[in-house]
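Taken together, the values in this text are just the output of simple stated rules run on the coordinates, not laboratory data. For clarity, every value in this text was computed on a predicted model and none was experimentally measured. Heads up, the Cβs are rebuilt from the backbone with ideal geometry, glycines too, and the neighbour counts pull from every protein chain shown.
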Amino acid sequence: MSPIADGHPSPHNGLVSWLKINAQHRTGQVWSLQVAAIVLTLLPIGCVHRRMTINSNPSGALVRIDGKDMGYTPASIDYTWYGTREIQLIKDGYETQTQRVDVKAPWYQHFPLDFLSDNFMGTHIRDHRRFDIPMRPRQPDVSQDVIERGRLLRSEAVHGM
């Protein structure tokens, strides 16, 4: 009779049982890793790209944002925070234009949603703002003309003309 038929355990039976349990455990680990890998690929990292474009009419004006030179119009600038900005346009022959613009955050960029939209949205979000600022031609300084005309009139009055 074999030891298995007697009911006596064989030293090989324990090893076989251990191998079966270990194989099941490893299969579970591999399956868990596969599920985790699938979940991670289905949940790509999110990203918010913030950009503003400043245009002027006519183009070619120097753009200053919060006192820093940023280029010439049309100028596109990336930014990282929302809020009020001072935009200044400077061009020869035109009046300098200064505007305070409020760059408001969209709904998905308010706490606590901003953390989710920046990191786990699953897509890249583009927040592109555009500001069109018209420029006026510089008017000649008329104060000098008035002073010169006053001197002429005084001279005529003194000389009796």
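How long are the three semi-axes of the equivalent ellipsoid for region 54-161, computed from the Cα gyration tensor as the root of 5 times each eigenvalue, in whole Å, largest first?
51, 13, 9
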Quiz item: In a shell of Cβ-Cβ distance under 15 Å around PHE111, excluding PHE111 itself, what net charge do Lys and Arg (+1) and Asp and Glu (-1) give?
Solution: -1
Quiz prompt | Extension gain from GLN97 to THR80, taking 0.36 nm per residue of separation minus the Cα-Cα distance | solution = 3.7 nm
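Of all DSSP beta bridges located in region 47-134, what percent are antiparallel, nearest 5?
Of those bridges, close to 65 percent are antiparallel.
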